[in-house]
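The structure appears right after this line, and notes come after that.
The values are calculated or read from the model by the stated rules, or taken from the named source; none is laboratory data. As the structure is a computational prediction, the values presented were derived from the model and not from experiment. Here the Cβ positions follow ideal geometry from the backbone for every residue, glycine too, while neighbour counts run over all protein chains shown.
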Amino acid sequence: MRVEQCRDAGIKAYQLMIENSMSGPFGLLEGILDPSEESQWSINHSAGGGGSCQHMWGQSTSTKVLFDSLIAEKIDEKIIIGRGVPAEWVADGEEIEIKDYSVCKNKKVGYNLSVKGKEVNITFTSDTTDIPFSIKLISFKDNIESVSVGEFDETAGIVVVPAGTKNVTVTMKKQ
């Protein structure tokens with residue numbers, strides 16, 4: 001998520017693992033073999049692999065990358081929303097929801113992001129924090145027309161809303 005062109009690589013890699021390297025539901029393997037047509041699962045998963053199932057190294061790393069892509073607390077006292085979210089997840093009718101993510105001083109936060117046309121509505125849920133939210137969706141880069149609350153940097157694609165904000169609507173120039 002640090003390299004600008006590859007911000008969504010973590011989520012896309014996780015999707016690849018789910019689609020191609022599961023020997024069963026929630027069973028991720030260390031290696032990926034050719035999918036087996038004889039698999040008992042309804043989608044073409046891998047028949048086996050080079051690790052134990054449930055192989056938790058890959059699973060735990062992928063889960064951490066998934067969370068960091070959706071929400072992360074930064075040391076500079078901001079909570080980052082959506083840095084690694086793929087652009088196709090910010091399309092008309094799409095919705096993302098995170099609940100009870102642990103942040104500063106034993107607080108729990110979450111958000112619901114919904115897209116209707118060019119409008120992205122984000123409602124912050126759970127506890128109110130003393131630190132701002134920084135929304136960094138790939139889809140916002142060079143594509144912000146206006147925001148209902150806070151400040152934005154259109155070139156960087158960043159919207160910063162003050163601590164205590166409960167809702168923000170970002171209008172994009174194009175879908």
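Determine which single condition LEU16 fails, assuming it passes every other condition in (1) at pLDDT 65 or above; (2) within 13 Å of the chain's Cα centre (by Cα).
That leaves (2) as the condition not met.
Considering THR125, THR129, which residue is at pLDDT 90 or above, among the hydroxyl-bearing types (Ser, Thr, Tyr) and over 15 Å from the mean Cα position of the chain (by Cα)? Steps first, answer last, please.
Values: THR129 fails: at pLDDT 90 or above.
On inspection, the qualifying residue turns out to be THR125.
Have a look at ASN121, ASN167 and point out the one that is closer than 22 Å to ASP8 by Cβ and not small (Gly, Ala, Ser).
Numbers: ASN167 fails: closer than 22 Å to ASP8 by Cβ.
Of the residues listed, the single one that is closer than 22 Å to ASP8 by Cβ and not small (Gly, Ala, Ser) is ASN121.
Quick check on my filter: what residues within the range 96-122 are more than 23 Å from ARG7 (Cα to Cα) and surrounded by 14 or more Cβ atoms within 10 Å (Cβ to Cβ)?
LYS107
Which condition breaks for LYS78 when tested against (1) in contact with a Ser or Thr (Cβ under 7 Å, 6 or more places away or on another chain); (2) at pLDDT 90 or above; (3) closer than 24 Å to MET172 by Cβ?
In the conditions (1) in contact with a Ser or Thr (Cβ under 7 Å, 6 or more places away or on another chain); (2) at pLDDT 90 or above; (3) closer than 24 Å to MET172 by Cβ, LYS78 misses (2) alone.
So which of GLY164, GLY93 ends up being at pLDDT 95 or above and farther than 14 Å from ARG7 by Cβ?
On the way: GLY164 fails: at pLDDT 95 or above.
None of the other options fit; the residue is GLY93.
Which of (1) farther than 15 Å from MET172 by Cβ; (2) at pLDDT below 95 is the odd one out, the single condition ILE138 does not satisfy?
(1)
Mind checking which residues of the range 116-175 are β-branched (Val, Ile, Thr), assigned to a loop (DSSP other than H, G, I, E, B) and either touching a residue at least 40 places away in the same chain (Cβ under 8 Å) or touching a strand residue (DSSP E or B) at 6+ places or on another chain (Cβ under 6 Å) (or both)? Step through it out loud before you land on a result.
Pass one, the range 116-175, residues β-branched (Val, Ile, Thr): 120, 122-123, 125, 128-129, 131, 135, 138, 144, 147, 149, 155, 158-161, 165, 168-171.
Narrowing the set further to residues that are assigned to a loop (DSSP other than H, G, I, E, B) leaves 128-129, 131, 149, 155, 165.
Once the filter is applied, which keeps residues that are β-branched (Val, Ile, Thr), assigned to a loop (DSSP other than H, G, I, E, B) and either touching a residue at least 40 places away in the same chain (Cβ under 8 Å) or touching a strand residue (DSSP E or B) at 6+ places or on another chain (Cβ under 6 Å) (or both), the range 116-175 yields THR129, ILE131, VAL149, THR165.
Can you tell me which residue within the range 134-157, out of those that are farther than 19 Å from THR123 by Cβ and β-branched (Val, Ile, Thr), is surrounded by the fewest Cβ atoms within 10 Å (Cβ to Cβ)?
The qualifying residue surrounded by the fewest Cβ atoms within 10 Å (Cβ to Cβ) is THR155.
Regarding LYS136, is this residue closer than 22 Å to CYS6 by Cα, of a type outside the set (A, V, I, L, M) and touching a Gly at 6+ places or on another chain (Cβ under 7 Å)?
Numbers: closer than 22 Å to CYS6 by Cα: yes; of a type outside the set (A, V, I, L, M): yes; touching a Gly at 6+ places or on another chain (Cβ under 7 Å): yes.
For LYS136, the condition - closer than 22 Å to CYS6 by Cα, of a type outside the set (A, V, I, L, M) and touching a Gly at 6+ places or on another chain (Cβ under 7 Å) - is met.
Within the range 90-115, can you find the residues that are under 16 Å from PHE67 (Cα atoms) and touching a residue at least 40 places away in the same chain (Cβ under 8 Å)?
Scanning the range 90-115 gives a single hit, TYR111.
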